[in-house]
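Below: one structure, written as structure tokens.
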Amino acid sequence: MLSLKVDGRKVRRLREGRGKSVVAVAEAAGCSKWAIYNVERGRNQPSARLYAAIKKELKASDKDLSVEGSSR
């Protein structure tokens, strides 16, 4: 279980800023584009595995992707 809350808006801004498509991130993460869309829209929190893959693909830190002051 992931110990922080991911901010979907931050994920989307960072993905777009890096010039990555939803499909490219999904392929790198080994999931569907809908899984990425749902994280970005705040509908779902990613699993620890998916979070690690998104973080790696976007070359991001926890601070880049998490809600300020979050730790569940």
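Which members of the range 27-72 meet the condition of being more than 22 Å from Ser3 (Cα to Cα) and not hydroxyl-bearing (Ser, Thr, Tyr)? Within the range 27-72, Glu27, Ala28, Lys33, Trp34 meet the criteria. Can you tell me which residues in the range 20-42 are touching a residue at least 12 places away in the same chain (Cβ under 8 Å) and in a loop (DSSP other than H, G, I, E, B)? Residues satisfying the conditions are Lys20, Gly30, Cys31, Arg41, Gly42.
For Val6, state whether it is under 20 Å from Glu68 (Cα atoms) and surrounded by 14 or more Cβ atoms within 10 Å (Cβ to Cβ). Yes, satisfied. Restricting the range 57-72 to residues that are surrounded by fewer than 16 Cβ atoms within 10 Å (Cβ to Cβ) and in a helix (DSSP H, G or I), which is farthest from the chain's Cα centre (by Cα)? It comes out as Lys63. Restricting attention to the range 43-56 and to residues that are in contact (Cβ under 8 Å) with a residue 40 or more places away in the chain and surrounded by fewer than 19 Cβ atoms within 10 Å (Cβ to Cβ), the residue that is nearest to Val67 (Cα to Cα) turns out to be Gln45.
Each value in this text was obtained by applying a stated rule to the coordinates, not by laboratory testing. Computed from a prediction, not measured in an experiment: that's the story for all the values here. Backbone-built Cβ (ideal geometry, glycine too); neighbour counts: all protein chains shown.
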